[in-house]
Structures are given as C-alpha cells and as structure tokens.
1. Quick check: from the Cα gyration tensor, does region 394-459 come out rounded (a/c under 1.5), prolate or oblate?
2. Using a Förster distance of 41 Å, how high is the FRET efficiency between THR59 and ASN300, based on the Cβ-Cβ distance and rounded to 0.05?
3. Per residue of the chain, what 222 nm ellipticity follows from adding -39500 (n - 2.57) for every DSSP H run with n ≥ 4, rounded to the nearest 500?
4. Starting from 0.36 nm per residue, how many nanometres of slack lie between THR124 and ALA335 once their C-alpha separation is accounted for?
5. For the chain, with only Lys/Arg (+1) and Asp/Glu (-1) charged at the beta-carbon, what is the dipole magnitude about the Cα centre, in debye rounded to 20?
6. Rounded to the nearest 0.05, what FRET efficiency do GLU81 and GLU171 have when you use their Cβ-Cβ distance and R0 = 35 Å?
7. Expressed as a whole number of Å, what is the distance separating the alpha-carbon centroids of region 291-307 and region 404-439?
8. With labels modelled as points extended 7 Å from the Cα through the Cβ direction, what inter-label distance (nm, one decimal) is found for ALA155 paired with ARG346?
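Please treat every number below as a calculation from the coordinates, not as lab data. These numbers come from a predicted model, not from an experiment. Here the Cβ is made from the backbone with ideal geometry for all residues, glycine too, and neighbour counts use every protein chain on show.
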Amino acid sequence: MKRYWPALLAILIVTGLSMVACSRPATPVAPTTPATPEVTPVATTSTNVDTAPPAPDITGRWEGAITVQGTDLNIVVNFSEEDGQLVGTIDVPQQGATGIQLHDISYQYPNVHFEMLSGSSKATHDGQLAADGTISGDFSQSGITGKFAIHRAEAPPPTVEVVEDVPYNQEKVTFNNGDITLAGTLTLPEGDGPFPALILISGSGQQNRDEELSIVPGYKPFREIADTLTRQGIAVLRYDDRGIGESGGDPSQATSADFADDAEAAFTYLQGRPEIDGKQIGMLGHSEGGIIEAIIGARNPNVAFLISMAGTAVNGYDTVIKQVERLTLASGLGADAATAAADQQRSLMDLVVAQDWDGLEAAMTEMASAQIAALPDDQKAALGDVDTYVQQTVAAQLAGMQSPWYQFFLNHDPGEDWAEITVPVLGLYGGNDAQVDAEQNTTALQAALEKAGNQDFTITVIPTANHLFQDATTGSVQEYAQLEPHLMPEFLSTVSDWLLAHVQLPQ
C-alpha cells in the first residue's frame, strides 16, 4: 500500500479509494491566467437559429484545478465526441490518477456537467462556459464541496517512446475478467521457452503497470523487477489496475476480493500462453497486493510460488493502528505522542467495527474541532469557516470508512489465507517501513505458514528499507520523494536469488 489508511482529518478530494492516499497534502498552486480558446461553431438544434449564437465546441484538452478547503488540486480534462455523444477522461496528476472515465456528461451552452467515479466516491462538476473561455463552477464529492475552474490548453506533444535495447521481448497484452478487459506488458526472455513466469500485483489505490507514484517522480518498481528478472530467464506480466491506463472497469465499489479476481484472470491468461510453463507461474504482491495473492494462493493450488513485498499478514484493524503509531514516530514525534495517536485511532476503529456511524461522526467531529482549536491563528484562518471545514472533512472520512473496500480491508485477515498456503513463499519487509510494520507482520506470516505446514518459506527484513523498498532513514511518507526513486539493489538480488533457486529455466 503506497497509500495509508485514514487517521483523523485525511481528506478524500477526488481519488475515490484514496481515503488511503499516502501522498502529501496538495500544495496550492499559483493561479494561472486562463487561455482564451479558439471556439469552433457547431450545429445547433435550436428553433431560434436566427437569434441564438452558435454553441462553442468544448471538445479538446482542458487544464485547471479543483479548490477545496483552500487547497488546489490540479486536473486535466479531455472531452471528445463518439457517435454524436460527448465522452471524456480526467487526470489528477498530484495523486497519480490518469485516464479516469467521466460519465453523465451534458453540455447545453453555457451549462457544462460531468461526473467521475460512482457510489460514495462519486464526484460531480457543475459549471458554465464563460466568455473568457473558462469552464468554472461547483465541485462536490462525499460531502465535500468546493469550486473548479478549467481552461483550454494545448495538447502536449506526442510522447516518443524510446525503444529500449533490451535482451528480451516486450509484448503489450490484454486479458479479461468477465466483462472487464485488463491491459499490461508481458516481458519474455529470448528463446523458445517455456519459461517460468511471475505476475506483479500492485498495492492499494489504482496504479499503472509500472506501479508509478506521482509523489515519487521516476519510481517504477514493477518495471525494474520485470527488467531484472526477464534478463535472468523469467517471464513477467505486469498490468494496469482496473479503471487506470488501458484497463477498463470501475474500481470505486471494488474490494481486494474483486482485485484478486483480476489477478487470477492474469494467471489464467498466462496458462494459455505456449511460451509459459503453466506449472511454474507465481505471483509477487506489493502491500495490498500481498493480501490479494494470498487470497488466490489459498484457493488456487496451481499457483507455484508467492512473494510478499511488504504484504500484511494481520487484519486491517491491527494494521491501521500500528501504522498510525509508526507514522507518528517517523514524523519525528516521540513515543508518548505515538501511543496517544494509536489510542485515539483505536477508539475510532472500534466505532467503525461496531458500525456506530452516529457515534463515529460525533467522535471525529469532537477530535477534529479540538485539533483545529490548537492550531495557530494564521493556520485556522486559512481553513475558512471552521465549522464547515470540520463538517466536510468528517463527512469525507465517514464515507471512506463506509466504503466496500475499507470494510473488506478492515475485517479481512490475510493470515487465515497464508495458513492455507503450502507452496514456496518469500516474505520481504523493510525495517524502516512505517506503513506495514515488519515485526508485526513477519511474526504473523511465520505463524500462519507454520500452521499451514509449509516446508519452504523464507522471511527477510532489509533493515533500512521503507515501504517502497528505498534505502531510507526515517521511513516517513514525506521522505519518499527525497530518496533515489529506485528499488534497493539488495531487494532485487534477494528476489532474483530466491526465484532462481525455486524455478527451472528451459535448457
């Protein structure tokens, strides 16, 4: 989980499942002067064709920001037309979200309406196209309200993909989970095969096939893993999560169990490839990906091996409380503050487990109000109307905790799945991981595998690794972007050595 679960005052904004976002709070950006668009008249069906001005065309690229509670979140909106209907996508670069499909788009000049995501995560934009070429208006999601404004922008020059001179083959592939089409990249060693294969499963929050993170520019761990292993004779499949990149599907109401179905569809796809040894297909799951691979491994005896990359082996309740404690310590506060933060989080989590939503709302409101009251006057002033700020923030928190994903995560115990798994397992953890505590999870994973009677497992802690397996000092989320955006060589060599000892390469 490149993302962390909500302690008090985390804000959803527009990421849907990002009540778990570990990215830094969005930094306000300097206001830009909207460019005046070149408007192209389009046909109108109005009966007043002699008097009504033609409606400007809104297809194309628009850039701007959503402003919520004094914070700007940059967005890129692309409108186009298909079969006479407006369609579109939205990107949220600061949160690593690209290509999110828009729906319920309507344009009756000057009114423009579009929506993204669904259920408790649905975000709506109601605006108007002004004479200066901007579309601006009201934004709302999960009880949070704000404003948005976008202006026409030049489409960026097409990306020229540099063809890497690599000693293996790279193939873009698609596979299906029911009516959901998922897209990815399969890297195949040179030769006829059949090759052992590894499927990479990302952590929480929707990410592309390289598992890129906007808060750590240049970080592409799944590409690094694929490159390292394919050079050594192992095929690797990595794919865009549902609803991201070239993959279809709506993730907003999905849980880890649904994402397990996606990953198992990847497994089934590889079994049908003649270049792949169907008896030597395994999985590597990062963070929530570790939860997902354990679900599959417990029910599918054909999975040959599993690698848990900072995957949890305890339930979400225990994970969140330990995470709050570790993140507090990593931020530089002392043990007393960490204990207090964990106790406070536990009191909230007990209400979530009991589904006492009225009690939870009251408790969060009281805590938020007390925290804000302790802020310096200038910081309080920046929040605007404090009562409104608290109300909107608590409403967003509440919606996140009630979501299907969070409810599944909170109650699901991956240890029960690991206790059913007898195939070879490698568990890798970071001593400086403040999101998935190494001591808590190595102990639980070992106990579960011993209960399963597993005779071939290795659990390794890399002392200075953080949750992203960078060489870290504190393990804090804020430190991620300050470090080299690459996996530690020790991590890659550990995975490679273990795999080469457990698979048979074609002769």
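1. It comes out oblate by the Cα gyration axes.
2. 0.35
3. -9500 deg cm²/dmol
4. Value of the extension gain: 71.8 nm.
5. The dipole magnitude comes to about 300 debye.
6. 0.60
7. Centre-to-centre distance over Cα atoms comes out at 13 Å.
8. Between ALA155 and ARG346, the label points sit 5.7 nm apart.
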